[in-house]
Amino acid sequence: MATQPMKPPQSTPAAHTVYGDLPPALSRSLEMVTLTNNYPTGSVLFTEGQTARGIYVVQRGRVKLSVCASDGRTLILRIVEAGEALGVASTIGSREYEATAEAQEPCEISFVRQSDVLRLMRAHGEFALWITQHLSHDYNATCREIRTLMLSGSAGEKLARLLVGWLDNHADPKTPGRMKMVLTHEEIGQMIGTSRETVTRLFAGFKKQRLIQQEGATLVVANRLGLESLITA
């Protein structure tokens, strides 16, 4: 896993593109403290156990959040999309980052130091609400992950639940049942707690059952009801 030096980003601020519709005074304050940088694939924004320095907001690209067990096994918690924030709970709670954040593809990331985050939360209720909304999003994502890992009885059920969830979140509404595959079989295995070989076998089985098809990097869910029938919890 490629690791970049742990230093704050050093390029032109672009707060208005990541924080949404905020009052002009608050937007100007954010522009003054937001630092933005481009990260190549494999760059590590922060590591599990590192003291939190601030929040990172994904402007473009995807970031992989993962944790490591003492035996070296990796569990991918989720893939963070553009517009989402990283390290929010750790930053406002003055705790260590709870996971490692790695660029899944070339990314543009904005960074706000912890001191600026706390100061702006005290001064602007709108920014405090923005932070709260991201905390809520993180909580909901964690609950979904627990459901996938803990309430699914088999690897096949876990994979079916993961694919249906992706379909809900990422499928093009103009072409129902189609979505881009951005993860390798090994990474999918790290999301559902199984091996790459098991994921490959399950995909082959799903294709044989005509539940899914694959067209290059595009996954076609040919039988959503069939996939959902594998989900019991």
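Each label was represented as a point 7 Å from its Cα along the Cα-to-Cβ direction; for THR132 and ARG119 these points are 2.4 nm apart.
Cα centroids of the range 76-106 and the range 178-233: 25 Å apart.
Based on C-alpha pairs under 8 angstrom that are at least 6 apart in sequence, the range 15-144 has a relative contact order of 33 percent. The charge dipole of the chain, taken about the Cα centre with unit charges on the Cβ atoms of Lys, Arg (+1) and Asp, Glu (-1), comes to about 360 debye, rounded to the nearest 20. Seen against the Cα atoms of the chain and their longest principal axis, helix 196-208 is set at about 60 degrees. The angle between the Cα long axis of helix 155-170 and the longest principal axis of the Cα atoms of the chain comes to about 50 degrees, rounded to the nearest 10. Rounded to the nearest 10 degrees, the angle from helix 125-150 to the longest Cα principal axis of the chain is 20 degrees.
Restricted to Cα atoms, the range 83-211 shows a radius of gyration and a Dmax of 18.2, 58 angstrom.
Bear in mind these aren't lab numbers, they're just calculated from the coordinates by the rules spelled out. Values in this document were obtained by computation on a predicted structure and should not be read as measured data. Backbone-built Cβ (ideal geometry, glycine too); neighbour counts: all protein chains shown.
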